[in-house]
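What follows is one structure encoded as structure tokens, with my remarks underneath.
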Amino acid sequence: MGNPLVARMRGFGTTIFAEMSELALSTGAINLGQGFPDTDGPQVMLDAAIEAISSGRNQYPPGIGVPELRIAIAEHQQRFYGLRVDPDREVLVTAGATEAIAAVILGLCEPGDEVVTFEPYYDSYAATIALAGGVRRTSVLRFPDFAVDEASLRAAFSPRTRLILLNTPHNPTGKVFSRAELDLICSLAREHDAWVVTDEVYEHLVFDGSAHIPVATVPGMAERTITISSAGKTFSATGWKVGWLHGPAEAVAAARTVKQFLTYVASGPFQPAVALALGLGDDTYRAVASSLQAKRDLLCEGLTAAGMTVARPAATYFVIADAAPLGANDGLDFCRRLPALCGVVAVPVSVFCDDQEAARTLVRFAFCKRDEVLNEAVRRLGSLAAR
Ligand code: PMP
Ligand code: GLN
């Protein structure tokens, strides 16, 4: 009967995370590919989820999310960024940030509408734009500093631009967009009357005193900005899939209309637990960033010692290294061979790019792992230098 998959989803096969996590399992290699921590988040949050299950909160939560979580999200935005958010009309709880991205793009884009994004991009962006029948227009962030290139960004905008899909702090580069870069992006969005959809899931995983600037705080931008985040990264609970979006009520309503028919609702008993976690003290937020910063340093030193050129990240779980000095000329091929070469799994950056040349030998490593795991990975990677 031929290929049953719709044409617009061909080319999205199996995600690189599934392929590389499978490779790690089958070879016993250390998995620095898919970004998930190997320790749990705050115990009080875990206990709150157990309590929610034990006390019978096991049926459908309200479609927009349980009230205490929507209130906690609004309070979090006020506390950290001074943003005033109405928890009843301007917040929507989703099945992770992934569903928030899908609900917004499917809710705002007509077929043929253009979506501007930076590459390398998080893999769900390209697939979701394709699902919506949208057209992806990208601007390349180039190794090693990944600065915004004004000319190519301007060229990506057109009269068909419906929205710009931004991600700061950025996966996979670990970049935090600067004030000047955000000002440029925002002025282009205004000029083209486009929405800004900003994925800020790594908002709290920022190092060296760098400042994450939420797009919604840029003067005049709140009225055209939809902000997305998730509990997965901040509270080391990627499997809970509790995400959210907030923005102007009419945009949230558009996303809600779509979201009703994606999952309707998800993660019932985890929602009150995340509400509790969002209200924890600054020490909880600081601890996760400072622990990750030390892990970043450990892995960056190890990758450098292994002979790679490293772009030291200011945020996130990830570091990009260039494997060209090791003789690699194709990142995907290098990653498929890495378990046999030294017992480590990573992901090639080219799978997140349209411009293959810009990322040909770049490889992403995740450092959100226990120190003993990272130390062993560094020891194994060290054997590459001797080759
Ligand atoms: N956006 C980015 C940039 C991510 O890295 C991830 C996952 N790591 C997501 C969205 C998806 O988040 P969630 O697991 O909450 O769906
Ligand atoms: N966001 C995670 C990463 O970039 C992976 C999530 C997934 O497997 N889809 O590694």
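The values are calculated or read from the model by the stated rules, or taken from the named source; none is laboratory data. Just so it is clear, the model here is predicted, and its values are computed rather than measured. Using ideal geometry, Cβ is built from the backbone for each residue, glycine included, and neighbour counts are taken over all protein chains shown. For the accessible areas, the whole protein counts, side chains as well, though only heavy atoms, and no ligand, DNA or RNA atoms are used. Shrake-Rupley method; radii C 1.70, N 1.55, O 1.52, S 1.80 Å.
Here are some notes:
- For Asp322, the shell of other residues with beta-carbons less than 12 Å away shows a net charge of +3, using +1 for Lys and Arg and -1 for Asp and Glu.
- Span-like helix ranges in the chain, DSSP H, alpha carbon extent 24 angstrom or more, Kyte mean at least -0.5: 282-305
- Peptide ranges 30-36, 158-164, 77-83 listed from the most packed, as the mean C-beta count within 10 angstrom indicates: 30-36, 158-164, 77-83
- Gaussian network model of the chain, springs between alpha carbon atoms under 10 Å - residue of Thr263, Thr238, Thr94 with greatest fluctuation: Thr263
- Binned Cα-Cα distance frequencies in the stretch 261-387 - 10 Å width, integer %: 12, 36, 25, 18, 9, 0
- Dividing the alpha-carbon radius of gyration of the stretch 1-65 by the rule-of-thumb value 2.2 N^0.38 Å gives 1.80.
- Tensor-based shape of the stretch 246-288 (alpha-carbon gyration tensor, a/c under 1.5 rounded, otherwise prolate or oblate): oblate
- Of the trypsin sites (Lys or Arg not before Pro) in the stretch 338-386, the ones in a loop by DSSP (not H, G, I, E or B) with at most 12 other beta carbons within 10 Å are Arg370.
- Environment charge of Arg360, counting only residues whose C-beta is closer than 10 Å and scoring Lys/Arg +1, Asp/Glu -1: -4
- Spin-label pair Gln356-Ala340: with each label point 7 Å from Cα along the Cα-Cβ axis, the two points sit 2.1 nm from one another.
- Within the accessible area of the stretch 157-268 (1.4 Å probe), percent carbon and sulfur: 51
- What you get for the stretch 109-225, charging only the Cβ of Lys and Arg (+1) and of Asp and Glu (-1), is a dipole of about 200 debye around the Cα centre.
- For the chain, a crude dipole built from +1 on the beta carbon of Lys and Arg and -1 on the beta carbon of Asp and Glu, taken about the Cα centre, is about 480 debye to the nearest 20.
- The coefficient of translational diffusion for the stretch 122-242, derived via Stokes-Einstein from the alpha carbon Kirkwood radius under 37 °C and 0.692 mPa s, stands at 216 µm²/s.
- Rg ratio (alpha-carbon, reference 2.2 N^0.38 Å) - the chain: 0.96
- Per residue, the solvent-accessible area of the chain (1.4 Å probe, heavy atoms of protein chains only, all protein chains present) comes to 40 Å².
- Rounded to the nearest whole angstrom, the semi-axes of the ellipsoid equivalent to the stretch 64-185, taken from the Cα gyration tensor as √(5λ), stand at 27, 19, 13, largest first.
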